[in-house]
Amino acid sequence: MCLAVPAKLIEQDGQQGIVDLHGNRLRVNTMMTPEAQTGDWILIHAGFAIERLDPEAARETWALIKDAEQAAEDQAGQSGSVARTNRNNGGIV
Amino acid sequence: MISTDQSAEKLLERLRVAAQAVKEDIAFMEVCGTHTTSAFRCGLPTVMPPNVRLISGPGCPVCVTSQGDIDRLIDLGSRQDVILCTYGDMLRVPGRRGNLETARTRGRRIEVVYSSMDALKRAIDEPDQQVVFAAVGFETTAPATAAAVCEAQRQNVRNFSVLASHKRIIPAMRALLTDEEIPSIHGFLCPGHVSVIIGSEIYRPIVDEFNVSCVIGGFEPTQLISSLLCLTELVLNRQTALVNQYREAVRPEGNPRALALLAEVFEPGDARWRGMGIIPESGLVLRDKYRHFDAVQRFELSEPDEHEPPGCICGKVISGAALPVQCKLFGRACTPVSPIGPCMVSSEGTCSAWFKYGRSGHLNLSCTHANEPQEVLP
Ligand code: SF4
């Protein structure tokens, strides 16, 4: 029930918007994401846009995962030893 | 089996190495039904390192709703003078007297809505009917209820009301950390979509007071494994931290508009959770200003009796104190086709996830050290 899905905002009229979700047009209420603009990716839950997805942060998230992967490869090269670098904790806030 | 996605494989390998280095049994709890289903769907429990256990906590909104609240909802839906609008997940949850689906087959008007606003629209379209919206869900869903209530107030819609059993996750996490029956938790995988609304900073007092890490994570296999890796490495390094790995959607302060809506319409109140009893301040009750939209008041509903379906241990399952396979009814009397408890009905329920994805013998039960299952189905 807490499932939210990302979709692209393709039309907006006041607090009403239309998103493209896997090729389907879906109506959403955008009152909780006033900053979202046509073309943005937003998270949809129960007919409401609950957040505008930040493309910059999305890139960072995937970069962190890439970084962790790199560390995994490094580890594979150091047989038996444990790399204690905490690279994957880059999101510590 | 786990996605063959290369990133996931690499992260998993690193998780195994970190887990091996930890040299003790550790348990993380996810408190989000979507994490439960995502983890099972990608086969994660089958490939977890043997000493790392992922416990499903009270993250499924349907499952945590007390049986009394469910009975009350079904009773209301069974009335001839009410149109009950509900999210689809509630339809088949069994109550003492059938479920909403059976009430519908008896001719009662039970309507599945996609949004709270659809329920309000039904009330506006049919002013002579009483329309009740079954408002269930965590902080992800509650702002939508608040928005509908605000709009009903603005348009003075007198035939609309809500039967609210919304829940707040932070008080439940605190309750779990102080409950001696729950196996000790070395870190939380925090609910991504609840966190979109409440933000990441709200977990900091839990990290500081209980010395337990909180990692907010996404739902893809790679993101899930990445969060578990992060939690494991924190244990390995004897650190506790608040980590936000879902930064594209979760801000430190959450969604201010959604929070403002919640604060306008609701205030925290004590709430009863299935199997966990009354947890202080863990619910959301309508403020005085909006109390006339409360279905409990409008229909003069009395305090419901609390009981559990006989034999069902959902209460223990949702708090991480028992596994679905420890329930004697699991897979026999209780299946998704004929569910006995909400954990088997809801698509996000732990019993449902175990039944759908975990009963084919792939599950690695060696990591479930707290209680040995009484029976494991073939
Ligand atoms: S298997 Fe069914 S009866 Fe048993 S705990 Fe799960 S939902 Fe309840």
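Read-outs throughout are calculated quantities, based only on the coordinates presented, and are distinct from any laboratory measurement. Since the model is a prediction, treat every value here as computed from it, not as a measurement. When we count neighbours, we look across all protein chains shown, and the Cβ atoms used for this are built from the backbone with ideal geometry, even at glycine.
In debye to the nearest 20, how big a dipole does the protein assembly as shown give about its Cα centre with +1 on each Lys and Arg Cβ and -1 on each Asp and Glu Cβ? Could the numbers behind the result be given before it?
Numbers: 46 positive and 56 negative charges, 169 e Å.
I would put it at about 820 debye.
Placing a pseudo-label 7 Å from each Cα along the Cα-to-Cβ vector at residue B:260 and residue B:126 gives an inter-label distance of 3.5 nm.
If you take the C-alpha gyration tensor of chain B, multiply each eigenvalue by 5 and take the square root, what semi-axes do you get, largest first, in whole Å?
Working: eigenvalues 259, 114, 59 Å².
With the √(5λ) rule applied to chain B, the semi-axes are 36, 24, 17 Å.
Here region B:55-123 was treated as a single set of alpha-carbon atoms; its pair distances binned every 5 Å from 0 give 3, 17, 26, 25, 17, 7, 3, 1, 0 percent.
Would you mind calculating the gained length between residue B:81 and residue B:24 on full extension (0.36 nm times residue separation, minus the Cα-Cα distance), in nm to one decimal? Display every interim value, and only then the final one.
Details: separation 57, 0.36 × 57 = 20.52 nm, distance 5.89 nm.
Gain on extension, residue B:81 to residue B:24, equals 14.6 nm.
Please work out whether region B:208-267 counts as rounded, prolate or oblate from its C-alpha gyration tensor, where a ≥ b ≥ c are the square roots of the eigenvalues and a/c under 1.5 means rounded, while otherwise a/b larger than b/c means prolate and anything else oblate? Taking the square roots of the gyration eigenvalues as a ≥ b ≥ c, region B:208-267 is oblate. Think of it as helices only: each DSSP H run of n ≥ 4 in the protein assembly as shown is worth -39500 (n - 2.57), and spread over all residues that comes to -10000 deg cm²/dmol at 222 nm. Taking every residue in B:130-137 and counting other chain Cβ atoms within 10 Å of its Cβ, the average works out to 1.
If every alpha-carbon in region B:26-76 counts as one equal scatterer, what log10 I(q)/I(0) does Debye give at q = 0.22, 0.25 1/Å? For the requested q values the scattering log ratios are -0.79, -0.91. Relative to the globular-protein estimate of 2.2 N^0.38 Å, the Cα radius of gyration of region B:120-226 stands at 1.43. Inter-chain neighbour count for B:240-247: the average number of beta-carbon atoms from partner chains within 10 Å of each residue's beta-carbon is 5.
Counting 0.36 nm for each residue step from residue B:356 to residue B:105 and taking away their Cα separation leaves a gain of 87.7 nm. For chain B, a Gaussian network of Cα nodes joined below 10 Å ranks B:154, B:247, B:41 by mean-square fluctuation, and the top entry is B:154. Report the local net charge at residue B:341: Lys and Arg +1, Asp and Glu -1, summed over other residues whose C-beta lies under 11 Å from its C-beta. So the environment of residue B:341 carries a net charge of +1. Its relative contact order, with pairs defined as Cα atoms under 8 Å and 6+ residues apart, puts chain B at 23 percent.
Enter the mean projected area of the convex hull around the alpha-carbon atoms of the protein assembly as shown, in nm², rounded to one decimal. Intermediate values should be presented prior to the final figure.
Working: hull surface 85.9 nm².
So the Cα hull casts an average projection of 21.5 nm².
Of B:116, B:319, the sequence from fewest to most neighbouring Cβ atoms within 10 angstrom is B:319, B:116. For region B:142-164, the residues whose amide N sits under 18 Å from a probe point set 7 Å from the Cα of residue B:289 along the beta carbon direction are B:143-157, B:162. With the highest mean first, a sort of the peptides B:90-100, B:184-194 on other beta-carbon atoms found within 10 angstrom per residue produces B:184-194, B:90-100.
The GNM of chain B, with springs linking C-alpha atoms under 10 angstrom apart, assigns the highest mean-square fluctuation among B:211, B:237, B:255 to B:237.
Between B:149, B:82, B:64, the GNM of chain B built on Cα springs shorter than 10 angstrom shows B:82 fluctuating the most. Model label sites at residue B:238 and residue B:201, defined 7 Å from Cα along the beta-carbon direction, differ in position by 3.1 nm. Pairs from the table (B:10/B:167; B:289/B:316; A:8/B:167; B:121/B:316; B:23/B:167; B:167/B:328) lying more than 31 angstrom apart at Cα are B:10/B:167; B:289/B:316; B:121/B:316; B:23/B:167. Shown is the FRET efficiency for residue B:114 and residue B:208, computed with R0 = 35 Å from the Cβ-Cβ distance and rounded to the nearest 0.05: 0.30.
So what is the diffusion coefficient of region B:105-180 in µm² per second by Stokes-Einstein at 20 °C and 1.002 mPa s, using a Kirkwood Rh over Cα pairs?
Numbers: Rh = 13.9 Å.
Using the Kirkwood radius from Cα pairs, D works out to 154 µm²/s.
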